[in-house]
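What follows is a short report on a single structure.
The values are calculated or read from the model by the stated rules, or taken from the named source; none is laboratory data. What you see is a predicted model; the values in this text were computed from it and never measured. Note: areas computed on protein heavy atoms with side chains; ligands, DNA, RNA excluded. Shrake-Rupley method; radii C 1.70, N 1.55, O 1.52, S 1.80 Å.
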Amino acid sequence: MTIIKIIDTFTFYGLDVALIAALTAMTVQICKITFLKNAQKKLLTFLPFTVGVIYYAAYAALINWSFSYLLTEYVSVLEHGVSVGSAATVLYVLYEQFVRNKKSASVSEGIISTLIDGFVPTDKIEAVAKQIAEAIERDVTGNGALHAAEILCENSEGELSERDVELLSKLIIETLAHVNAANKQ
């Protein structure tokens, strides 16, 4: 897609779509960090488009002073609503790539985060992964799995059995060992 086509798209849909897209992006992010934080990622994919259609429908009904407009021009409303969702997704990606200051997590923390996802509450994953990575790095006795197991027990809200914690901590140690061995070669 060339820059001319992008500009043409916004001139066709108008500034209203861009502004509603910004509102949609903010709404979706608020939903993701509040009541939808435990929702499946696959379902969250459609959220900007759904919210975009709802917001654009409300906007169209308000601008035209008629709810019957939504029924007679439903194709246009859906088209513009999906465009709002698309623009909201683009705005979110731009924010994530260029504006947001991400915490620089190490490779170990990223691996640990992936392995403990689903066993530790979502809002604690990064902190717990960092704790485990630091405990393993500081460990000189060879008991890294034991330290990881202790941290997992403290943060798993009792949802894991002792056997699960033991296996998960050993999996973390083995995975990190293989990654470190592969990086040295």
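With all protein chains in place and a 1.4 Å probe, the accessible surface of segment 37-174 carries 60 percent carbon and sulfur.
Please work out whether segment 124-176 counts as rounded, prolate or oblate from its C-alpha gyration tensor, where a ≥ b ≥ c are the square roots of the eigenvalues and a/c under 1.5 means rounded, while otherwise a/b larger than b/c means prolate and anything else oblate? Because a/c hits 1.5 or more and a/b fails to exceed b/c, segment 124-176 counts as oblate.
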